Amino acid sequence: MKKIHMVDLQSQYQKIKETVDASIQEVLESSAYINGPYVKEFQADLEKYLDVKHVIPCANGTDALQIAMMGLGLQPGDEVITADFTFAATVEVIGLLNLTPVLVDVEPDTFNIDIKALKEAITPKTKAIVPVHLFGQVANMEAILEIAKEHNLFVIEDNAQAIGANYTFKDGSKKKAGTIGDVGTTSFFPSKNLGCYGDGGAIFTNDDDLAHIIRGIVNHGMYKRYYHDVVGVNSRLDSIQAAVLKAKLPFLDEYCNARRNAARFYNNAFANNSNIITPTSASCGQICDACDCHVFHQYTLQITNGKRDELHQHLLDNGIANAIYYPVPLHKQKAYANDRYNEADFKVTNELVETVISLPMHTELDEEQLTLITNTINDFLS
């Protein structure tokens, strides 16, 4: 049996090696390393895939969030509401821009931002909401858009973990994650569902004026070389990474389906274990055959008998990779702690950090590996 990794990028690469290698070689021979043809081609391909007017590539997912907020003209002191249970990049950029982060609790089943808590957090200083489509599942965007419209707020989707997922509205219409709010962002970190072989990111919007501003920001504020019209940064997707992404994009739906199949196997194997709460789809309550709202960037269990940490070590001892995403909520991190937060407002998040554990989840998992993982967990928790 192959070694069980959290993410098996090497096996995935072997399946597309010929195309990837040829694309990288073409970039090397052209020497068009920055803003070369592959960047423009990947941008166009991704716009078509997402059905969005504008994709603006950048250097990484964190930059994408920062640039999106800069493009919207948020000012120091403006309040930005986001989820407490997520990776720090979401709140990090809020702090870097001297905005005021407002952290709220999440839902116990989807781990996404709690709508009731979101409503209660709005003040006259609130200017934006950043829903995080955590672990690959789209947040309740219809409710978020209604709240944003009522209070005249921007919606910035942190789509670093859910590219390829769909959101279905009450009328049956669908949109891709990251294309629903005023602006969306993503990361192409290697372990993502669509990952490059270094760092990379992108910003999505259907707003022509906002897209124009953002295109200047990512390139030192320039629209014409050496003429700086806005305050910008240096954040560009390089041509080699664009070549890798262009080669992988046609396989994104296949990759997402492989992850869903692995998630179904896990869920079925754990169905009768009373010590485990398995992930679910918000739209249908399970991972149905037609599921497209969850792309399982992570497969995350909740261990209810208090033995999460013991299970974590037991799996490591048996050569099974696993991780705890996330061990400390943002409101308790030294960098983001604030006296205004009340522990009673973070009941779900505070429980999750004690119970969650993420299992290997990638496109190359086979039945033998999945069987070993699930048997090891069920035996330990029986």
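The values are calculated or read from the model by the stated rules, or taken from the named source; none is laboratory data. From a predicted model like this one, the values you see are computed outputs, not experimental measurements. Every residue, glycine among them, receives a Cβ derived from its backbone with ideal geometry; neighbour counts consider all protein chains shown. Side chains included, ligands, DNA and RNA excluded: accessible areas come from the protein's heavy atoms. Shrake-Rupley method; radii C 1.70, N 1.55, O 1.52, S 1.80 Å.
Highest GNM mean-square fluctuation among 192, 246, 119, for the chain modelled with Cα contacts below 10 Å: 119.
Rounded to the nearest 500, the helix-only mean residue ellipticity at 222 nm of the chain stands at -12000 deg cm²/dmol, with each DSSP H run of n ≥ 4 adding -39,500 (n - 2.57).
Between the residues 328, 93, 31, the greatest Cα displacement towards the positive end of the dipole of the chain, with unit charges on the Cβ of Lys, Arg, Asp and Glu, is found for 31.
Between 349, 371, 126, the Gaussian network model of the chain with springs among Cα atoms under 10 angstrom shows the greatest mean-square fluctuation at 371. Taking a ≥ b ≥ c as the square roots of the eigenvalues of the Cα gyration tensor, the range 237-338 is oblate, since a/c reaches 1.5 or more and a/b is not larger than b/c.
Considering only 58, 291, 196, the Gaussian network model of the chain with Cα springs below 10 Å gives its largest mean-square fluctuation to 291. Taken one residue at a time, the phi angles of the range 57-72 give Karplus couplings (6.51, -1.76, 1.60, θ = phi - 60°) of x, 8, 7, 6, x, 5, 4, 4, 5, 4, 5, 4, 5, 4, x, 7 Hz. Gly and Pro are set to x. Spin-label model, residue 191 to residue 41: label points 7 Å out along the Cα-to-beta-carbon direction sit 3.1 nm apart. Take the Cβ atoms of residue 171 and residue 347, set R0 to 22 Å, and the FRET efficiency comes out at 0.10.
With a simple spin-label model that places each label point 7 Å from the Cα along the Cα-to-Cβ direction, the separation between residue 253 and residue 208 comes to 3.0 nm.
The candidate values are [x] 184; [y] 140; [z] 149; the one derived from this structure for volume of the Cα convex hull per residue in Å³ carries the label [y]. Taking all protein chains into account, the per residue accessible area for the chain stands at 44 Å² (1.4 Å probe). Taking Cβ atoms as reference points and 15 Å as the exclusive limit, the residues near residue 101 contribute a net charge of -3, counting Lys and Arg as +1 and Asp and Glu as -1.
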